[in-house]
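**Student:** Pasting a structure below so you can have a look.
Computed from the coordinates by the stated procedures, all read-outs in this text should not be read as laboratory data. Keep in mind that this is a model prediction, so the values were computed, not measured. Neighbour counts run over all protein chains shown; Cβ positions are idealised from the backbone, glycine included.
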Amino acid sequence: MVKEYGQPQSKKRRISSKLFNLPSEVIDRIIYYLPDDCLENCIDLPLIGNYALNRLYAYIEIISSYTSCWEDMGPKGYESFSSLKRYQSLPSFLFQVNNCSYKAWRVNDFVQFTKSRTEFRPKVVHFVSVEQLGWLYKRYPHLLNQLPRIDLSFGLTIQRVCDIPKEYVRKILDNKITDDFLVNLIKQGWGENVKVLELSGPSLENLPSLFPNLQRLRFVRIDLSESPLPPLPLSLEFLQLFTDDFDKLDVSYLENLKEIVFDCFNPLNRLDRFKFPLGIERVRMMGSIGDDFKINIESLDSIEQYTNLKEFRIEHGELCEKTKIFSKRTNFPDNLQNLEITFFHLCTNAEPWEPLGTVRGNLSLPNNLRALLLRTFQIHYTPKLLIFPESLRALSIVNERTGMEKIWQRKGYAKEDWSVTRFPSSLVELHLLLDTIDGITFPKSLQKMTLKNRVSLKSVNFLELGNLVQLKLDWSDTEELIDAPNLKSVQFSESYFESLDNSCFSLPASVEVLSISGPRYRHDSGGSLSIAANAFPPLIKELYLKRCKVTSDTFEELHLRAYKNLEALDLSNNKISRLENNIFPLSLQYLRLDENPISAVSTPNVFSELKNLRKLIMSGTLGLVRQSRDLPKPNSSVSRQKDIANYLQSDQANMLNFPSSLISLNLSNNHLQKGVASKLGLSNCCQLQEVCLGGNREMTDIQIIVDQLKSSSPNMVELFLDRELQEYINEGEVSFLNFS
């Protein structure tokens, strides 16, 4: 058989196989640079699947099941700009920014994935507590023995240690953990093999002798105001510091150091206060200004001497005085690929009579730059003087101002005209927050675009953006008619929509993912969102309507059963008070209903009819579940009663049945009481793997659910409960119980 272009299939197969006749380290290197969304589509492919799998899930953190991370489901998308958060609990400092990141997994995710993927070999698995490690070690020692590295947080001066030898795990679990205990273990020879370490509070003495081969070190907090940084192991490749103040920082003697992250509570002032080794490749610096300081970051002088620098990210908070950082020409190294400059002020009422800085032709960008982020506060730009290199792939310009433009113009500053900006044809990702986007010519190469302006989109010719697949918009409250022909994902955040119908809201039929989120911090002003039955694209697979004031009536009028491809539905933080039968699409696999005042359902089988449903989240509802043939209106006194658990106990017919397909159920924070356990029909849930009932500490008849799961759900990994309920359970041979 011959294809239309004349090449036999057998020859094509031979060519394909030769493509993978490469050393594994070469394939690893190729896979390393693929974005996450691409890797997710590759893990089931032959030949490259295992490489994609172990790259995508190389770094895992096992989180508590009783966490908002479980419920943080949303549209997937790869972001070029993934900034480190100042107070991030998980130290993603451990790996190169934008290339590697931790995946937050619950216990069940880890167990199921490790069981089903025998070839799965993550580089790091981090346990957030000794108790968590002990729980897993007791139940799944064979899975832990497969891990090449076990990393553990202690919450002491020794905050976290990576590469714990397996022979020491048992000692750690059997003893009271103190700093002295850990130091004694380390002195037995363990420290020679430690590659990654995190310290909090006073530093340990003699770090070079305790950890001679240490590669990555983080000080959660260290005092450099009166004494310099103590000697560090010469083997270090990565260093992160957080300090209140400092005079100078000299780490130039660390010749192997490739990456440094420096976070200071006070001003950075000048870059030449720092001395890095000449081979440094990545630098991230963060500073701030207190009430008694009037010093901003003034100069990037000395950056040109670091010729190997590939990534430079500087962030300075509480900008309140003029900065000279853009006033003189800075010669960035030619090898620089990622440049991020962020200035912000948390006080939105600050209104300087003149700009705090001007960006003109002095911002000379290197020819090999691939990503540029400029997030500024009260800065004046001259767009016609901005020259972007043709190598640029991702660009973000966010200029936050407080309405002083007319005053600036009276003082001689020209009005910013972004319509003259020439974006490079290489650009695939663009983020903009400007006063206006009128007249801007967007490059046809764009694949992902974020517009944070509260402006009309009428000036954007979406028909010309044939490569655009992902669009994010903020502050949407007007007509949105978007006709990009190949668009797949659309996200409206902080939206103020009052109605969605074809007259004012239209998306192309190609859209498969739609997310609309209302304002996070707006008090409920009453009213509801009106949505037409045919408002959404016909092929939609994922629909997220968070904080959109969707009522029960609106939900019923959507006729979602008409969307045969819908797999994920998020209706969290809305006004849904009742659930009717036959209201959900039968294709649903993921359903989220938390933070809705659900007080009535029409039938116990409202969920059990969903034969494809795998995950259901219904936490934090106000009075979970009342069933009645005569459903009350949302504003009636019956639907507002708070003690709904007592009502459940009054009638044996009031139940909720769940489908046999369900693997994950979250009913946390519903204040369920004694008598409710028998009303949760889990006996048919033969595939159930995890159930979270935290925040229901008065459900003292929990033994009923334990017995149901023990007999009906052979794959159960974790039932998460409040510790107060432990005394009401006969644990016996039950291995899936976990308590907070």
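**Student:** Can you bin region 433-549 into rounded, prolate or oblate? Criterion: square roots of the alpha carbon gyration tensor eigenvalues sorted a ≥ b ≥ c, rounded for a/c under 1.5, prolate for a/b above b/c, oblate for the rest. Intermediate results must be reported in sequence, preceding the final value.
**Tutor:** Numbers: a/c = 1.89, a/b = 1.31, b/c = 1.44.
Here region 433-549 falls in the oblate category.
**Student:** Here is a further query. Find how much the distance from Asn486 to Gln146 grows on full extension, using 0.36 nm per residue of separation minus their present alpha carbon separation; answer in nm with one decimal.
**Tutor:** This chain segment gains 118.0 nm when fully extended.
**Student:** Ranked from highest to lowest mean number of other Cβ atoms within 10 Å per residue, what is the order of the peptides 410-422, 107-119? Please report the intermediate quantities before stating the final value.
**Tutor:** On the way: 410-422: 13.8, 107-119: 16.9.
Top of the packing list down: 107-119, 410-422.
**Student:** I would also like to ask the following. Can you work out the Karplus-derived ³J(HN,Hα) for every residue in region 24-32? Use 6.51 cos²θ - 1.76 cosθ + 1.60 with θ = phi - 60°, whole Hz, and x for glycine or proline.
**Tutor:** With the stated coefficients, region 24-32 comes to 4, 5, 6, 5, 4, 5, 5, 4, 4 Hz.
**Student:** What percent do you get for the relative contact order of region 433-549 when only Cα pairs under 8 Å and 6+ apart count?
**Tutor:** On the way: 241 pairs, mean separation 23.5, N = 117.
20 percent.
**Student:** How high is the FRET efficiency from Lys187 to Asp244, r the C-beta distance, R0 35 Å, rounded to 0.05?
**Tutor:** Numbers: r = 31 Å, r/R0 = 0.89.
Given R0 = 35 Å and the Cβ-Cβ separation, E is 0.70.
**Student:** In addition: Quick one: length gained pulling Asn206 to Asn502 fully straight, 0.36 nm per residue minus the C-alpha distance?
**Tutor:** Values: separation 296, 0.36 × 296 = 106.56 nm, distance 6.92 nm.
Stretched fully, the Asn206-Asn502 segment lengthens by 99.6 nm.
**Student:** Separate question: What length, rounded to one decimal in nm, is gained on full extension from Thr382 through to Gln703, with 0.36 nm per residue of separation minus their alpha-carbon distance? Can you show the working numbers first?
**Tutor:** Numbers: separation 321, 0.36 × 321 = 115.56 nm, distance 6.88 nm.
In short, 108.7 nm is gained.
**Student:** Once you order the gyration tensor axes a ≥ b ≥ c over the Cα atoms, which shape class does region 319-475 get: rounded for a/c under 1.5, otherwise prolate or oblate by comparing a/b with b/c? Don't jump to the answer; show the numbers that get you there.
**Tutor:** Details: a/c = 1.82, a/b = 1.22, b/c = 1.49.
In terms of gyration-tensor shape, oblate.
**Student:** Sequence-distant or interchain residues sharing an amide H contact under 5 Å with Tyr66, placed H: which?
**Tutor:** So Tyr66 has HN proximity to no qualifying residue.
**Student:** Below 8 Å between Cα atoms, with a sequence gap of 6+, how large is the relative contact order for region 361-489 in percent? Working shown, then result.
**Tutor:** Values: 241 pairs, mean separation 23.8, N = 129.
Result for region 361-489 is 18 percent.
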